[in-house]
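The values are calculated or read from the model by the stated rules, or taken from the named source; none is laboratory data. All of these numbers come straight from a predicted model, not from anything done at the bench. When we count neighbours, we look across all protein chains shown, and the Cβ atoms used for this are built from the backbone with ideal geometry, even at glycine. Ligands, DNA and RNA are stripped out before the accessible areas are found, and what is left, the full protein with its side chains, is counted by its heavy atoms. Shrake-Rupley method; radii C 1.70, N 1.55, O 1.52, S 1.80 Å.
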Amino acid sequence: QERERNSNKKLQFVDLGSGDGRVVFRAAREGLFHKCTGYEINPVLHLWASIRRLFQAPTYYSNTNFYIRDLWKVDLSNADVIAVYGLQPIMTKLGLKMKEELKPGSIVVSNVFEIPGWKPSGASRNGVHLYCIPECWDWSDGRGSGGSYVTNGNHDACNDDDGPKDDQAIKI
């Protein structure tokens, strides 16, 4: 984590279904991300997160944003880390969307529900599943060459066959 904090790369964090914003604020507090963005379709939850941003978390005002947006319309191509607490019925479709849009080196953190057809990067812990792009899929579908795709290697949590160590885990 310390290397990430000192890195010149400006990492982008996205929470799909950000609710009251607590995950976005936690990501901002970690100091790993240049920008932390929450997308929520419920206007009441969006309003609550926006109020919290103004009054409870002014320290993180400049690097947090909240938008009312349907997650199916969010462009994920610039996201480095995506957090999602999606219910099982949407996870297959969401997995397909992320496979199309995410760049190599991205990380997906799914709370409770696994993404069907994706292989977690190491053991899932406490209902949290960590997926590293593109290692979590078989790239023999024409988008790559069967796993030989080269990632940018910026995320230590994805470079270990046993998954993240406790001190490398993304704490959200």
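Within the accessible surface of the stretch 6-60, defined with a 1.4 Å probe on protein heavy atoms only, the carbon and sulfur portion equals 56 percent. Accessible area per residue for the stretch 38-141, computed on protein heavy atoms with a 1.4 Å probe, is 52 Å². The modelled label-to-label distance between GLU114 and GLU101, using points 7 Å beyond Cα along the C-beta direction, is 2.4 nm. Pairs exceeding a 18 Å alpha-carbon distance, out of LYS93/LYS119; LYS10/LYS103; LYS10/LYS73; LYS73/LYS119; LYS9/LYS97; LYS97/LYS119: LYS10/LYS73; LYS73/LYS119; LYS9/LYS97.
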